[in-house]
Amino acid sequence: MGNNDISEKLQSLARGKNRSATARIREIFNEIENALRAGVPRKDVHKVLMESGISLSFASFELAVYRIRKENKGVTTTNSKLPNHSHATRPAPVLPATGNPLRVLSGKAREGEHSAIPLAKFEVDNT
């Protein structure tokens, strides 16, 4: 058996129906995400998958979506329709009176306060 025969057989296995449901979902995940982003209920997406021969419970489907999203976290796709809300592109806060940028010194709540939102202390960057 030559290398080409082995390669063809392995490729056939990779496309076959004997793979796990998660592996088959991963293959069409962009289409699933597009449907979910368009507002299609998860139950309806799950029903289409079941009708298409991908047999798994609804809980398993939700777990597969969670895991695939976690795997893809930080990976950007070219056909993503969502805006990029990167925090790295935000400008530094500026002191209105002087226009000088501010640096965050700390973000802890003051002692004795019961606020859920920590207070941030800033320092004017005069450089």
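Structure data summary
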read-out: Those residues of segment 39-72 whose amide nitrogen sits under 11 Å from the label point placed on ALA21, 7 Å along Cα→Cβ; value: 46-47, 49-51, 53-65
read-out: Rounded to whole Hz, the Karplus (6.51, -1.76, 1.60) HN-Hα couplings of segment 21-38, x for glycine and proline; value: 4, 4, 5, 6, 5, 4, 5, 10, 5, 4, 5, 4, 4, 4, 5, 5, 5, 7
read-out: Ranking of ILE68, ILE28 by count of other Cβ atoms within 10 Å, fewest first; value: ILE28, ILE68
read-out: Integer Hz, Karplus 6.51/-1.76/1.60 couplings in order for segment 9-19, x for Gly and Pro; value: 5, 5, 5, 5, 5, 5, 9, x, 7, 7, 6
read-out: Computed Kirkwood radius, in angstrom, where 1/r is averaged over Cα pairs of segment 3-72; value: 13.1 Å
read-out: Length added when fully stretched, GLN11-MET50, from 0.36 nm per residue minus Cα-Cα; value: 11.6 nm
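No value in this document is a laboratory result; all are computed from the given coordinates. Note that this is a predicted model, so its numbers are computed, not measured. Neighbour counts run over all protein chains shown; Cβ positions are idealised from the backbone, glycine included.
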